[in-house]
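Engineer: I have a structure I would like to understand better, so I am pasting it below and will then ask my questions one at a time.
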Amino acid sequence: MRPVLMKAARGVVALAVAAAGVVVSAGAAEAEQRPSNAALEPAKWATTDSRRPNETITTGDAVVGAWVDDRGKEHVSKSYFSFDLARFAGKRIVGAAIVGVETHVNDCDKPRSTELWVTKQVGTWTWAEQPREKAKIPGGVGLGCQWDYVEWDAAEAVRQAVAGGQLTVAMRITEQHQDDPAYGRRYSNRLKLFVQYNSAPNTPTGLAVSGKQCGGEPVWVAKSWEGTRLSALTSDPDESAGTPDIRFAWWPQDAPERRTEVVAPLRSGSFGSIHLPDTLTDGGTYAFAARSEDGMDVSAWSETCLFTTDFTRPGKPAVSSEDFPTDIDPAKSFQGVPGEFTFTAAGNADVVAYRWGEGFAQGTVAAESIGGPATVTFTPGDYGYTRIVVNAVDRAGNHSDYTYYDFYVHETAPAVWTERDPEVGFPVDVHLRARQAGAVTFTYTVDGGPERTAPVDPAAPTTISLPAVSLRGPEVKAWTTDAEGGRSAVTTTRIRVNGVSPEIEVAPHPQVAGLPVELSVRATQTGAAGVTYWLDDGPRTTVPLAADGTLRTTFTTDQTGWLTVYATTTSAAGVVSAPAETSSSPTAARRPSPAPTTRTGRRRAAPAWQARSPSPRPAPASPGSGTPWRTARSRRSPRSTARRRCGSPR
């Protein structure tokens, strides 16, 4: 049977309901606290012997009572044990037990009479100089003759000894039987002390009001949908303990007698918070503190945190700019050219920041001083009518309504265009025209390559020539620079390319699996010399084109269901066109129906209309024959997703 240590009695929690509906606790919080456990072995031990009165014996078992040696001589012994209790200083001792294991019993007919006594602390133990025995420890209970779990209730002894840091006990046989060898016993020298204890939880830290950390100055608190929230962090030095609760106390700074205490139970983690009732006064200053409670012990109160309420929103800020006036000015406000905006509090003395952005508030800039202005730099990335959105933020975090500042931005990015979509593999001329006032130089890149320059002609577009283009089309980035080095905005354009996909047709329609299918291809690519075709993901076949740029060939497939045929052409220079494709759904071949029979079982001759052969299908028309071709859906090069100005520039 193992020892059952004392369980901590829960404090009775008196609850009352405040006028605002907040639970107020007058007693200890009823946290889910689990006392910690420790098992100690003796820091030192010894046995004393009446026949060796000046010796300290530290080997073998712990001997108690009278015993007879091999020579028939009688001895009387006591054993002593000392436990180090320094680790329990300042902790609540919930329960304690000393447990001994009996290793030998002289006479099982005699009842167990082993006692433990708290003794005075001494340096060494001998029979001649025995320490004074001060208090008997209750217990000594065990089952059977020789028991391996003889237990004494040492809770009070440990509580009394904690202050001194050490518990010393004497193990002996009761006085009236001490000299009777029949009562003598031996115990393992590894006497165990089991202690159940609790440490006071740590004082809360991280005090905050509505998410704002407390400091030396009062915290300014704004009005919010969730109200005013007090929060703190707690912890417990005992690793095995449950989570402590946090008791919050708050009061008006000038009326501490109106103190209210509220317990915030913590179900998990170390963060606790409460929401105050909506009775706080606008502009009032309040104080709060917190302490941790684990159901057995409480921490010290934290330092006091002050907070001041501000439930009034500031007015809308004013916005001004010399660089971006609200009236259209041809000499100001250009795309890609930075300028400044100034925000002012418009009489709001407690404004500390401004939230602003293009179209919506997306950034924050601090005021130069409380209630002061702020200046920001803005570079328009686009042209046309633009809006800056601004609101003011006061020191409590209240936001004003928005101020909207509208202005017009003149376009500066150069126009970039081509007269036509170039054929894949051929060069193309790209035209540039400046929109920046006073522009003198174009700078451009092609597909992220090195920067190149070209002079600006105020009277005509500037043309740059690009070599043979691929199906994807080159990406051109261009901007201009004026004589002072000022740059325009950047135009990014991907030149659209004509992929010159071939025209393809398959016949007959519908196709039948296992029967020949005729494929007709007509090239649209300049200088096309060959054609490559394939079915779905199958192998590719390359053959030369006829002199008229066409191909007629047949293929057979056993595939049924959806089938796609692809084809590309290739010029003599090795330039490959964009692929064309056409799709169909071949059907399985039908078995011929049996001829009808007469009632006598003879087969009747087929009617004349069944015997006629179907009309032959005309051959596909040749190019230039005047018969229109079925033009298959072709793949062009992808169009640019960037803004592109086609045709003549504005």
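Engineer: Highest mean first, what order results for 215-221, 205-211, 69-75, 565-571 on Cβ atoms within 10 Å?
Structural biologist: Ranked by mean Cβ neighbours within 10 Å, highest first: 565-571, 205-211, 215-221, 69-75.
Engineer: Now for a separate question. Taking N as the number of residues in region 36-108, what is its alpha-carbon radius of gyration divided by 2.2 N^0.38 Å?
Structural biologist: Ratio of Cα Rg to 2.2 N^0.38 Å: 1.44.
Engineer: Which value, in debye to the nearest 20, describes the size of the charge dipole of region 208-342 about its Cα centre when Lys and Arg Cβ atoms bear +1, Asp and Glu Cβ atoms bear -1, and nothing else is charged?
Structural biologist: Computed about the Cα centre, the dipole is about 320 debye.
Engineer: Which order do peptides 332-345, 246-259 fall in by mean Cβ count within 10 Å, highest first?
Structural biologist: Result, highest mean first: 332-345, 246-259.
Engineer: Let me ask something additional. Of all the C-alpha pairs in region 325-403, what % are more than 17 Å from each other?
Structural biologist: Everything past 17 Å amounts to 46 percent.
Engineer: Right, next: For residue 270, what accessible surface area do you get with a 1.4 Å probe? Give it in Å², rounded to 10.
Structural biologist: Accessible area of residue 270: about 50 Å².
Engineer: Can you give me the long-range amide H partners of residue 316? Hydrogens built in the peptide plane at 1.01 Å from N, cutoff under 5 Å, separation of 5 or more residues or another chain.
Structural biologist: Amide H neighbours of residue 316: 401.
Engineer: Quick one: Debye curve from the alpha-carbon atoms of region 136-217 only, equal weights, vacuum; give me log10 I(q)/I(0) at q = 0.14 Å⁻¹ to two decimals.
Structural biologist: -0.68
Engineer: Have a look at region 446-586 and give its Rg and Dmax from the Cα atoms, expressed in angstrom.
Structural biologist: When restricted to the Cα atoms of region 446-586, Rg and Dmax are 22.4, 75 Å.
Engineer: Calculate how large, on average over all directions, the projected area of the Cα convex hull of region 436-522 is; give the answer in nm² to one decimal.
Structural biologist: 9.8
Engineer: Sticking with this one: Quickly work out the residue 401-to-residue 547 label distance, labels modelled 7 Å from Cα along the C-beta direction, and quote it in nm with one decimal.
Structural biologist: Roughly 8.4 nm, to one decimal.
Engineer: Just to check, using Stokes-Einstein with a Kirkwood Rh over alpha carbon pairs, what's the diffusion coefficient of region 79-125 at 20 °C and 1.002 mPa s in µm²/s?
Structural biologist: 149
Engineer: Based on the Cα atoms of region 536-583, what semi-axes does the equivalent ellipsoid have, where each is the square root of 5 times one gyration tensor eigenvalue, given in whole Å with the largest first?
Structural biologist: Value: 23, 13, 9 Å, ordered largest first.
Engineer: Right, another one. Using the eigenvalues of the Cα gyration tensor, what equivalent ellipsoid semi-axes result for region 255-397 when each is taken as the square root of five times the eigenvalue, whole Å, largest first?
Structural biologist: In descending order, the three semi-axes are 48, 18, 11 Å.
Engineer: Between region 306-360 and region 110-158, what is the C-alpha centre distance in whole Å?
Structural biologist: 83
Engineer: About the Cα centre of region 280-353, how large is the charge dipole given +1 on each Lys and Arg Cβ and -1 on each Asp and Glu Cβ? Please answer in debye to the nearest 20.
Structural biologist: Taking the Cα centre of region 280-353 as origin, the dipole is about 180 debye.
Engineer: Here's something else I'd like to know. Based only on Cα atoms, what mean projected area does the convex hull of region 64-191 have, in nm²?
Structural biologist: With the hull built on Cα positions only, its mean projection is 8.3 nm².
Engineer: Moving to a separate point now. Assign one of three labels to region 341-468, namely rounded, prolate or oblate, based on the Cα gyration tensor with a ≥ b ≥ c the square roots of its eigenvalues; rounded applies when a/c is under 1.5, prolate when it is not and a/b is larger than b/c, and oblate otherwise.
Structural biologist: Prolate shape, in that a/c is at least 1.5 and a/b is the bigger ratio.
Engineer: Can you give me the relative contact order of region 532-583 as a percent, contacts being Cα pairs under 8 Å and 6 or more apart?
Structural biologist: The normalised contact order for region 532-583 reaches 36 percent.
Engineer: Okay, next question. Post the alpha-carbon centroid distance, region 505-569 to region 427-499, in whole angstrom.
Structural biologist: Cα centres, region 505-569 to region 427-499: 41 Å.
Engineer: To the nearest µm²/s, what D does Stokes-Einstein give for region 178-317 at 10 °C and 1.306 mPa s, using the Kirkwood radius over alpha carbon pairs as Rh?
Structural biologist: Rounded to a whole number, D works out at 89 µm²/s.
Engineer: Follow-up question, since we're still on this one. Among 188, 237, 171, which residue has its Cα furthest toward the positive end of the charge dipole of region 96-251, with +1 on Lys/Arg Cβ and -1 on Asp/Glu Cβ?
Structural biologist: 237
Engineer: Continuing with this model, one more query. Let's see if you can work this out: charge +1 on each Lys and Arg Cβ, -1 on each Asp and Glu Cβ, no other charges. What is the dipole magnitude of region 132-206 about its Cα centre, in debye to the nearest 20?
Structural biologist: The calculated dipole for region 132-206 is roughly 240 debye.
The values are calculated or read from the model by the stated rules, or taken from the named source; none is laboratory data. The structure displayed is predicted, hence computed values, not measured ones. Every residue, glycine among them, receives a Cβ derived from its backbone with ideal geometry; neighbour counts consider all protein chains shown. Ligands, DNA and RNA are excluded from the accessible area calculation, which covers all protein heavy atoms including side chains. Shrake-Rupley method; radii C 1.70, N 1.55, O 1.52, S 1.80 Å.
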